[in-house]
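Q: Structure provided below as C-alpha cells; questions to follow.
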Amino acid sequence: MKNTNAGHGTQFGSASMTRRNLMKSAMAAGLTVPVLGRSSVSAAPHRTVLQQDAEKPASLNMLYATVEADVEAIKLAIPDFKAETGIDIVLDSQPYDALQKKVFAELAVDSPYYDVIIVDTPWTPALTGKLEPLSGYLTNEALNDVSDPALDDFIEKVFFDTAVYNPTSPHLQFPDPTAIDVEAITSEGFEIYGLPLQANALVAMY
C-alpha cells in the first residue's frame, strides 16, 4: 500500500484467496489498508507509481493505531509476515487522537516516510489528494503477486463506504455499489483508496 490516502478498513492472489491473505499481500506491496472501528489502512503519499521493475523493499514503515485497532495482534504477525515475504515491518503505533494529528501532519508535507498508514473512515475524504490509489495495483498482476484478487470477499457496503472515493469530489458516492469491480469503479471516475480491515457496528444500549 502506497502512502497516499486511506479509508475504512482495504493484495492480490488467486481467486480462492481469502480477505486475510489479500490484506497480507497488499501490505507486502506497500499499499493502503484501512483499519480501526471505522478505519482503514492506506497507502502513503505518491512516491512510487506503478513501477513494475522496482526491487522488493527490505522494510516498510507502517503508521498504526494502538489498542483501538489491536496493535498487539499486528506485532505478533510481523515476524510471520517477514518470514513469508522477506519484508520487515517497522511499526509506529499512536493513540487515536495522536494518530489523527500524525497522519494529517505527515500527508500535509508529502512526507515519504510511511509506506502504510491506518486511517479512520471519516478522515479519508480530506486525504484523497494525498493517497495513492490502489486500482492500478489491483488490476496489474505484474505489480503484485496475486493474479486475481478476491475482492468479492469484502462486504460491498463496507467496501464502497470506506474505500471508494471520487478523487476530485470525495463527498460523492459511487452510483451502483452492488458489486466490487475495479474497472467499473474507475470508469465512473472513482478510485480505491484502501482495503477495509475492520468495520464497526454502532449500537445503542440502555
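Q: When the residues of region 103-155 are filtered to those that are surrounded by fewer than 21 Cβ atoms within 10 Å (Cβ to Cβ) and among the β-branched types (Val, Ile, Thr), which remaining residue is modelled with the highest pLDDT?
A: Selected residue: Val109.
Q: While we're looking at this one, here's another question. Does Val158 satisfy the criteria of being touching a strand residue (DSSP E or B) at 6+ places or on another chain (Cβ under 6 Å) and within 26 Å of Asp115 (Cα to Cα)?
A: Yes.
Q: Test of understanding: among Asp88, Asp153, Asp80, which residue is among the charged types (D, E, K, R), in contact with a Lys or Arg (Cβ under 8 Å, 6 or more places away or on another chain) and farther than 30 Å from Thr178 by Cα?
A: That would be Asp88, the only listed residue that is among the charged types (D, E, K, R), in contact with a Lys or Arg (Cβ under 8 Å, 6 or more places away or on another chain) and farther than 30 Å from Thr178 by Cα.
Q: Consider Val158 carefully, then state whether it is modelled with pLDDT of 90 or more, open to solvent by 20 Å² or more (accessible area, probe 1.4 Å) and of a type in the set (Val, Ile, Thr).
A: Working: modelled with pLDDT of 90 or more: no; open to solvent by 20 Å² or more (accessible area, probe 1.4 Å): yes; of a type in the set (Val, Ile, Thr): yes.
The answer is no for Val158.
Q: Going residue by residue through region 161-173, is there one that turns out to be more than 17 Å from Gly129 (Cα to Cα) and touching a Phe, Trp or Tyr at 6+ places or on another chain (Cβ under 9 Å)?
A: The answer is no; no qualifying residue exists.
Q: Regarding Tyr193, is this residue within 24 Å of Lys101 (Cβ to Cβ), touching a Leu at 6+ places or on another chain (Cβ under 8 Å), surrounded by 18 or more Cβ atoms within 10 Å (Cβ to Cβ) and hydroxyl-bearing (Ser, Thr, Tyr)?
A: Criteria met by Tyr193.
Q: Only residues in region 120-136 that are farther than 16 Å from Ala65 by Cβ and basic (Lys, Arg) count as the first member; pair them with residues that are open to solvent by less than 10 Å² (accessible area, probe 1.4 Å) and modelled with pLDDT of 90 or more, Cβ under 6 angstrom, at least 6 apart or cross-chain, and list the lot.
A: Lys130/Leu107
Q: State yes or no: is Ile185 at pLDDT 95 or above, at negative phi and in contact with a strand residue (DSSP E or B) (Cβ under 8 Å, 6 or more places away or on another chain)?
A: So Ile185 passes the test.
Q: Look through region 163-182, keep the residues that are in contact with a strand residue (DSSP E or B) (Cβ under 6 Å, 6 or more places away or on another chain) and in a loop (DSSP other than H, G, I, E, B), and return whichever of them is nearest to Gln198 (Cα to Cα).
A: Phe174
Q: Go through (1) more than 24 Å from Val103 (Cβ to Cβ); (2) of a type in the set (A, V, I, L, M, F, W, C); (3) in contact with a Leu (Cβ under 9 Å, 6 or more places away or on another chain) and name the single condition Ala184 misses.
A: It fails just one condition, (3).
Q: Still on this model: Taking region 180-190, which residues are over 19 Å from the mean Cα position of the chain (by Cα) and open to solvent by 50 Å² or more (accessible area, probe 1.4 Å)?
A: Ser187, Glu188
Q: So which of Lys24, Lys75, Lys82 is over 26 Å from Asn140 (Cα atoms), surrounded by fewer than 22 Cβ atoms within 10 Å (Cβ to Cβ) and either within 16 Å of the chain's Cα centre (by Cα) or modelled with pLDDT of 90 or more (or both)?
A: Just a single option satisfies the conditions, and that option is Lys75.
The values are calculated or read from the model by the stated rules, or taken from the named source; none is laboratory data. Please read all numbers here as calculations on a predicted model, not as lab measurements. Using ideal geometry, Cβ is built from the backbone for each residue, glycine included, and neighbour counts are taken over all protein chains shown. To get the accessible areas, we keep the full protein, side chains included, count just its heavy atoms, and leave off ligands, DNA and RNA. Shrake-Rupley method; radii C 1.70, N 1.55, O 1.52, S 1.80 Å.
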